[in-house]
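The values are calculated or read from the model by the stated rules, or taken from the named source; none is laboratory data. Since this is a predicted model, take the numbers as computed values, not measurements. Heads up, the Cβs are rebuilt from the backbone with ideal geometry, glycines too, and the neighbour counts pull from every protein chain shown.
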């Protein structure tokens, strides 16, 4: 596998999103005191993650505007505790306080910078299903914005992974054919197979090692390498 352009997903591929979410929602929840603070950390993180997945995909499908997606997540989370976030301004303020805690926990995965350094001469970019401004804020805070030639966000493009249009747009920005690109992400279908369907080479990073036999067989059938760490990537390309 060779490529002049190496593209990455951001959250949970380069950036430790899930760890920051866990830290952020736990700190925010405990700040409320009472029953919310006393609830089980693992269970509440799981509930927040499920709400994020559900409503974020509604946003990506165009069913909800970005702020309404955030409000729906906040309202769903506090509902068992009887908190009233029906007023949009109150819901926005609640979510903003969560973002403060989430931001405190931002960090790259330990293998991100060593991997980038191990691929001299390659051109790097990011394709992310998110709003561009928020993702650039992360990259700026982590002092890595300059490592990436282009950051392509679904909120700007109007198409979200696995739609082939966002991958094609990325290739066009770099001025190369899709076949000259490798794309690395933590979701088998959204990232790796989506990239393959768009003519790129897809790589699935399964950090937790949670892939099922069916998923591994599907990856193999599409010639998608499965790695556990970015340290394995330079040897592939």
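Report the residue count in segment 181-221 for those that are surrounded by 15 or more Cβ atoms within 10 Å (Cβ to Cβ) and either free of Cβ contacts under 8 Å to residues at least 12 places away in the same chain or outside any helix (DSSP H, G or I) (or both). The qualifying residues number 19.
Checked across segment 158-167, the condition of being over 20 Å from residue 59 (Cα atoms) and either surrounded by fewer than 20 Cβ atoms within 10 Å (Cβ to Cβ) or not assigned by TED's automatic domain parsing to the domain that holds residue 214 (or both) holds for no residue.
Within segment 16-23, is there a residue that is part of a loop (DSSP other than H, G, I, E, B) and over 19 Å from residue 97 (Cα atoms)?
yes
So, of the residues in segment 146-156 that are surrounded by fewer than 19 Cβ atoms within 10 Å (Cβ to Cβ) and over 14 Å from residue 7 (Cα atoms), which turns out to be modelled with the highest pLDDT? Going through the qualifying residues, I end up with 146. Here is the figure for segment 6-58: residues that are without any contact (Cβ under 8 Å) to a residue 12 or more places away in the chain and surrounded by 19 or more Cβ atoms within 10 Å (Cβ to Cβ) total 1. So, residue 140, is that one closer than 24 Å to residue 181 by Cα and either modelled with pLDDT of 95 or more or in contact with a strand residue (DSSP E or B) (Cβ under 7 Å, 6 or more places away or on another chain) (or both) or not? Against the criterion (closer than 24 Å to residue 181 by Cα and either modelled with pLDDT of 95 or more or in contact with a strand residue (DSSP E or B) (Cβ under 7 Å, 6 or more places away or on another chain) (or both)), residue 140 does not qualify.
Determine if segment 105-113 includes at least one residue that is in a helix (DSSP H, G or I), assigned by TED's automatic domain parsing to the domain that holds residue 143 and either modelled with pLDDT of 95 or more or touching a helix residue (DSSP H, G or I) at 6+ places or on another chain (Cβ under 6 Å) (or both). Yes: one or more hits. Please tell me if residue 224 is buried (at least 17 other Cβ atoms within 10 Å of the Cβ), touching a residue at least 12 places away in the same chain (Cβ under 8 Å) and at negative phi. In short, yes.
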